[in-house]
Amino acid sequence: MSDTFTWMGKRVRLIDLSSTLSNDTKAFEPNAHDITYVDHQQGMRLGAKIMNWDDDMTKRVFERGYVWSVEEVRLSTHSGTHVDAPYHYGPTMADGSPAATIDQVPLRWCFGHGVVLDMRHVDREAGITVPDLEAELGRIGYALQPFDIVLVRTDTDKHFHEPRYDFRHAGLRREATKYLVEHGVRMIGIDAWGIDRAFDVLVKDVLAGKVEFWESHFFGLEQPYAQIEKLANLDQLPAPFGFTVMAFPYKIRGASAGWTRVVALVEVHD
């Protein structure tokens, strides 16, 4: 989904980088959710019940035969496209200070120049390494800047409607996450279920004594950063950089994450 218009004297386009939450996937989504839809006729009956009206009064007031629709949603803060705060990774930072919850994540982290790194070729077991990042940055001719928002493209979003999609992607290895954060990046996004490698791969390496479980997440307790999970449509970005990303999470007190509608603002050159 996109929209083109003139803004501040420039022709720009908005590109939706968020996935859609629906009941189509609730049977297999790891973070359970359920949406109950109340249609307009049901809304009328609900209104009548609230007011304790009989049928005659209901018809007199609600002449159209319908009023409002409303949805009741049961979900976690990690359902759909969302931003993880450092508190998601653990209660305290390595220095003992409290880890920031989603309502404490700086807004500056959530708005910035975007760069998308194509990692579709990376093996899911090997994961994304520093050489992978450096090779892609070299290929697109870009040098990371502080507060860049880095978006990792795996195209896993094309499979969000399929069971076990959460085991398909190549996640970031610890050193790759460290590389990005040490270059000033404070928001890292991925079009997959999580920013780390899939759980089956992680567990195998943990049991073999190769890594710590959740290696990229836990790095965020050493040097704080936030991450966007379950992005979508990164293939619609017309260039690997030169666009602006907005990823402001819903403000939930003391929470580990917040839902977000991530959008890219792209200048259009006709």
Take THR156 and decide whether it is touching a residue at least 40 places away in the same chain (Cβ under 8 Å) and assigned by TED's automatic domain parsing to the domain that holds VAL201.
no
Hey, among the residues in segment 36-52 that are surrounded by 14 or more Cβ atoms within 10 Å (Cβ to Cβ) and among the hydrophobic types (A, V, I, L, M, F, W, C), which one's farthest from SER256 (Cα to Cα)?
ALA48
For ASP55, which of the numbered conditions (1) more than 18 Å from TRP193 (Cβ to Cβ); (2) surrounded by 13 or more Cβ atoms within 10 Å (Cβ to Cβ); (3) of a type outside the set (Val, Ile, Thr) fails to hold?
(2)
Residue satisfying all of: in segment 12-46; part of a strand (DSSP E or B) and not aliphatic (A, V, I, L, M); nearest to ASP155 (Cα to Cα) among these
SER18
Only one residue in PHE243, PHE199 is among the aromatic types (Phe, Trp, Tyr) and touching a Leu at 6+ places or on another chain (Cβ under 9 Å), so which one is that?
PHE243
What is the one condition in (1) assigned to a loop (DSSP other than H, G, I, E, B); (2) exposed (fewer than 11 other Cβ atoms within 10 Å of the Cβ) that TRP68 does not satisfy?
(2)
Go through segment 106-129 and give me each residue that's part of a loop (DSSP other than H, G, I, E, B), crowded, with 16+ Cβ neighbours inside 10 Å and touching a strand residue (DSSP E or B) at 6+ places or on another chain (Cβ under 8 Å).
MET119, VAL122, GLY127
Sort through LEU180, LEU221, LEU172, LEU237 and tell me the only one that's of a type outside the set (S, T, N, Q) and over 19 Å from the mean Cα position of the chain (by Cα).
LEU221
Within segment 26-62, take every residue that is of a type in the set (Gly, Ala, Ser) and closer than 30 Å to ARG168 by Cβ and give me the one that is modelled with the highest pLDDT.
ALA27
Please enumerate the residues belonging to segment 150-167 that are part of a strand (DSSP E or B) and either more than 20 Å from the chain's Cα centre (by Cα) or hydrophobic (A, V, I, L, M, F, W, C) (or both).
VAL150, LEU151, VAL152
Scan segment 130-149 and tell me whether some residue there is in a loop (DSSP other than H, G, I, E, B), surrounded by 21 or more Cβ atoms within 10 Å (Cβ to Cβ) and of a type in the set (Val, Ile, Thr).
no
Could you list, ordered by first residue, the pairs with Cβ atoms under 6 Å in which the first is in segment 201-227 and closer than 19 Å to PHE147 by Cα and the second is basic (Lys, Arg) and buried (at least 17 other Cβ atoms within 10 Å of the Cβ), at least 6 apart or interchain?
SER216/ARG174; PHE219/ARG174; PHE219/LYS178; TYR225/ARG186
When restricted to GLY114, GLY138, GLY65, GLY80, the only residue at pLDDT 95 or above and on the phi > 0 side of the Ramachandran plot is GLY80
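The values are calculated or read from the model by the stated rules, or taken from the named source; none is laboratory data. Because the structure is a prediction, the values reported are computed rather than measured. Ideal geometry is used to build each Cβ from the backbone, glycine not excepted, and the neighbour counts take in all protein chains shown.
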